[in-house]
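Here is the structure we will look at.
What follows is calculated from the coordinates using simple rules that are stated; it is not laboratory data. What you see is a predicted model, and the numbers here were worked out from it, not measured in a lab.
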Amino acid sequence: MFGRILIVAVLGVLIWAAFARSSDASGPERRYVVQPYDTLWAIAATGYSDPREGIWEIQRRNGLEGTTLVPGQVLVLP
């Protein structure tokens with residue numbers, strides 16, 4: 001009985017591993033060109049339910065020290 005359960009569990013894990021996808025939310029990298037009067041908050045609010053997390057991620061991805069944006073600046077969005 002234990003052997004059958006073990007076989008079913010191993011098969012289940014193998015099937016799951018064959019069809020599982022990466023969960024790092026990676027997709028095509030998106031770029032955003034900053035427009036006049038854009039803010040990090042406004043940009044982050046379009047892709048995150050909590051813009052604070054989005055601001056931190058955008059800053060980290062683009063090596064930004066502060067929150068100052070310049071029109072025409074290209075940002076890599078997570």
Translational diffusion coefficient of the range 2-77 at 10 °C, 1.306 mPa s, Stokes-Einstein with Kirkwood Rh over Cα pairs, in µm²/s as a whole number. 103
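Can you give the relative contact order of the chain as a percent, counting alpha carbon pairs under 8 Å and 6+ residues apart?
Relative contact order comes out at 35 percent.
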